[in-house]
Amino acid sequence: MSTSSTASVSTHILDTSIGRPAPGVPVSLSARGGAGWTELGTSATDTDGRCKDLPALPEGTTHVRLGFDTEAYLSAHRDSGAFFPEVTVTFAVVPGEHYHVPLLLNPFGYSVYRGS
C-alpha cells in the first residue's frame, strides 16, 4: 500500500454492444467533504475510451462520485436514443489507494466495477 495521503481515480468506458471503447463521453469527478459534494473537474473519454486527465483528490477525501454524461454518445450511436442519459457512480476511497472504475455501457444497461 502507498503512503500517500490521497487516493487517486481513473476510469474508462467500453461500449459492450459493439465491443469497442466509447470516445467523447463527458465525465465529471466530485468529492464529498464537510459541506457536501464539490466538483473537482471534468474530462472526456479519448479514442481509447479513457480519461487520462482527471484531477487529483483533495487530502482526506473518503467519498467520490464519477458522473458520465452518456446521452449524446448513446443517441449518436443508437436509433432509439439514450435509455440511460447519465450514469452516476459513488464509491468510498481510502488514502493511498488507486481506484480504477470502468463503465461497461450498452443501450439498455450498464455495470461498473473496481478494476486494476
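I'd like to verify a number: residues in region 46-104 that are of a type in the set (S, T, N, Q) and at pLDDT below 90, how many?
2
For region 1-96, which fully contained strands (runs of 3 or more DSSP E) count at least 1 residues that are within 21 Å of residue 113 (Cα to Cα) and touching a His at 6+ places or on another chain (Cβ under 6 Å)? Reasoning before the result, please.
Values: elements: 8-15, 26-33, 36-44, 63-68, 87-92.
Here the list reads 8-15, 26-33, 87-92.
Which one is nearest to residue 16 (Cα to Cα) among residues in region 96-113 that are surrounded by fewer than 15 Cβ atoms within 10 Å (Cβ to Cβ) and among the hydroxyl-bearing types (Ser, Thr, Tyr)? Before you say what the answer is, go through the steps one by one.
Of the residues in region 96-113, the ones surrounded by fewer than 15 Cβ atoms within 10 Å (Cβ to Cβ) are 96-98, 100, 108-109, 111, 113.
Restricting the remaining residues to those that are among the hydroxyl-bearing types (Ser, Thr, Tyr) gives 111, 113.
Details: 111: 10, 113: 14 Å.
Applying the filter and picking the extreme gives 111.
Which of the residues that make up region 41-90 are within 15 Å of the chain's Cα centre (by Cα) and among the basic types (Lys, Arg)?
50, 52, 65
Mind checking whether some residue in region 21-35 is over 13 Å from the mean Cα position of the chain (by Cα), closer than 16 Å to residue 101 by Cβ and surrounded by 14 or more Cβ atoms within 10 Å (Cβ to Cβ)?
Yes; the residues of region 21-35 include at least one that is over 13 Å from the mean Cα position of the chain (by Cα), closer than 16 Å to residue 101 by Cβ and surrounded by 14 or more Cβ atoms within 10 Å (Cβ to Cβ).
Please go through region 106-116 and give me each residue that is in a strand (DSSP E or B) and modelled with pLDDT under 95, ordered by number. Break it down into steps so the answer makes sense when it comes.
Taking region 106-116 first, the residues in a strand (DSSP E or B) are 106, 109-112, 115.
If the condition is that a residue be in a strand (DSSP E or B) and modelled with pLDDT under 95, then 106, 109, 115 are the ones that fit.
Taking residue 77 as the residue in question, decide whether it is closer than 19 Å to residue 44 by Cα and either loosely packed, with under 13 Cβ neighbours inside 10 Å or in contact (Cβ under 8 Å) with a residue 60 or more places away in the chain (or both).
Yes, satisfied.
Name the one entry in 64, 93 that is in contact (Cβ under 8 Å) with a residue 60 or more places away in the chain, of a type in the set (A, V, I, L, M) and closer than 17 Å to residue 40 by Cα. Show your work before the answer.
On the way: 64 fails: in contact (Cβ under 8 Å) with a residue 60 or more places away in the chain.
The conditions single out 93.
The values are calculated or read from the model by the stated rules, or taken from the named source; none is laboratory data. This one's a predicted model, so the numbers in the text were calculated from it and none came from an experiment. Counting neighbours? That spans all protein chains shown, and the Cβs are built from the backbone with ideal geometry, glycine included.
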